[in-house]
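Student: First the structure, which I've put down as structure tokens, then a few questions once you've had a look.
Bear in mind these aren't lab numbers, they're just calculated from the coordinates by the rules spelled out. Treat the numbers as computed from the prediction; the structure is a model and nothing was measured. Note: ideal-geometry Cβ built from the backbone for every residue, glycine included; neighbour counts use all protein chains shown.
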Amino acid sequence: MNNKIVITGGFGFVGAHFVEHFLKETDLDIIVLDKLSYATNGFDRLRDIDIFNEERVKIFAIDLNLPLSDGVKKEIGEVDYIVNLASESHVDNSISNPVEFIKNNVNLVLNMLEWARELKTLKKFIQFSTDETFGTAPEGVNYKEGDRSNPGNPYSASKLAQEAIARAYSNTYGLPINITNTMNIIGERQHPEKFIPICIRKILAGETIQIHSDPTLTKSGTRYYLHARNIAKAVHFILEHTNERLDKVDASLGCWNIVGEREIANSDLAKMIGEYMGKEAKIEMISFHASRPGHDLRYALDGSKIARNGFQYPVNFEESLKKTIDWTLKEENKKWITL
């Protein structure tokens, strides 16, 4: 029998790329758990990667805010790996409806960890998290694994809560847990509310792209971007080639920053997208606190740890971005940038 991996949130943008990666790059049997929220677009992402005739893939549409039922647990059986991607992730939604947003993200990690406690063959549990738990990064500062946390909005607070709960379960119950902190993600089939699809849509329509900036309206926010398949590759590397687990003394152990190779201003990124499309990107700087309190202008992580352990990203940023744009502009794929 093949080893088995559970991917939560597998109907979503990042999750579907993970399903595709592990289907193509491993012989693992894949269990997909997802509640099919607004962000999934139903089964469309998994239809697009054509997994429904794959015997190695089983899907369960379940709400992880509720404990897994005995019947679902029996149907899944023992598993070797869990990658817990499932979470609400839109910062604006967390600001407008913080209570339900935070409850969702906390409840689902608790339910997954409670199930993990019952598993006898579990080798590793990956709690997927974000650069935003570290909070805004001053110029010249790139946070390392184990550095202090300072979340600036309800979304990042909910993700830090997930990390803290994962640490507690690792320390208390001996679960083999790792945490990954990932920077901004690009790729095919991203939800149209995200920055790259917004830019493509507005450039096609000749509309102005609003860019969050400092109060002087002269300096854009910056990010490190990387493709979802690069992140799946990094998580795959952590599962197979590292032996660390969370540690109650050394906060850096069992934690991995997954970082794009270079920092880019969002204003420059919008212009780059326009250049790839052969069109002008019209941009307008707006004060980020006026429109989006809790938004941080700069996040930055140090990615040297995973590199020291031997991992290299297979595709660079420019190639990833161009590939994503070219794919999105195909007529049959434009549905993915339609609101």
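Quick grid of which residues meet (1) aliphatic (A, V, I, L, M); (2) in a helix (DSSP H, G or I):
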| site | (1), (2) |
| --- | --- |
| 6 | yes, no |
| 11 | no, no |
| 15 | no, yes |
| 73 | no, yes |
| 79 | yes, no |
| 83 | yes, no |
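Student: If I filter the range 95-124 down to residues being out of contact with any Asp or Glu (no Cβ under 7 Å at 6 or more places or on another chain) and within 15 Å of residue 37 (Cβ to Cβ), which single residue comes out as surrounded by the most Cβ atoms within 10 Å (Cβ to Cβ)?
Tutor: Here the answer is 108.
Student: Is it fair to say residue 182 is buried (at least 22 other Cβ atoms within 10 Å of the Cβ), within 19 Å of the chain's Cα centre (by Cα) and of a type in the set (Val, Ile, Thr)? Show your work before the answer.
Tutor: On the way: buried (at least 22 other Cβ atoms within 10 Å of the Cβ): yes; within 19 Å of the chain's Cα centre (by Cα): yes; of a type in the set (Val, Ile, Thr): yes.
The answer is yes for residue 182.
Student: Return the only residue of 129, 149 being touching a residue at least 12 places away in the same chain (Cβ under 8 Å), within 24 Å of residue 13 (Cβ to Cβ) and of a type in the set (Ser, Thr, Tyr). Break it down into steps so the answer makes sense when it comes.
Tutor: Details: 149 fails: within 24 Å of residue 13 (Cβ to Cβ).
It is 129.
Student: Which condition number does residue 69 fail, the rest of (1) among the hydroxyl-bearing types (Ser, Thr, Tyr); (2) without any contact (Cβ under 8 Å) to a residue 12 or more places away in the chain; (3) in contact with a Phe, Trp or Tyr (Cβ under 8 Å, 6 or more places away or on another chain) being met?
Tutor: Unmet condition: (3).
Student: Could you check, for the range 116-125, whether at least one of its residues is of a type in the set (A, V, I, L, M) and outside any helix (DSSP H, G or I)? Talk me through it step by step, then tell me what you get.
Tutor: Our first condition is that a residue be of a type in the set (A, V, I, L, M); within the range 116-125, this holds for 116, 119, 122.
Still in the list and also outside any helix (DSSP H, G or I): 119, 122.
Scanning the range 116-125, I find at least one residue that is of a type in the set (A, V, I, L, M) and outside any helix (DSSP H, G or I), so the answer is yes.
Student: Still on this structure: Out of all the residues in the range 169-217, which are in contact with a Phe, Trp or Tyr (Cβ under 6 Å, 6 or more places away or on another chain) and hydrophobic (A, V, I, L, M, F, W, C)?
Tutor: Correct list: 175, 177, 183, 186.
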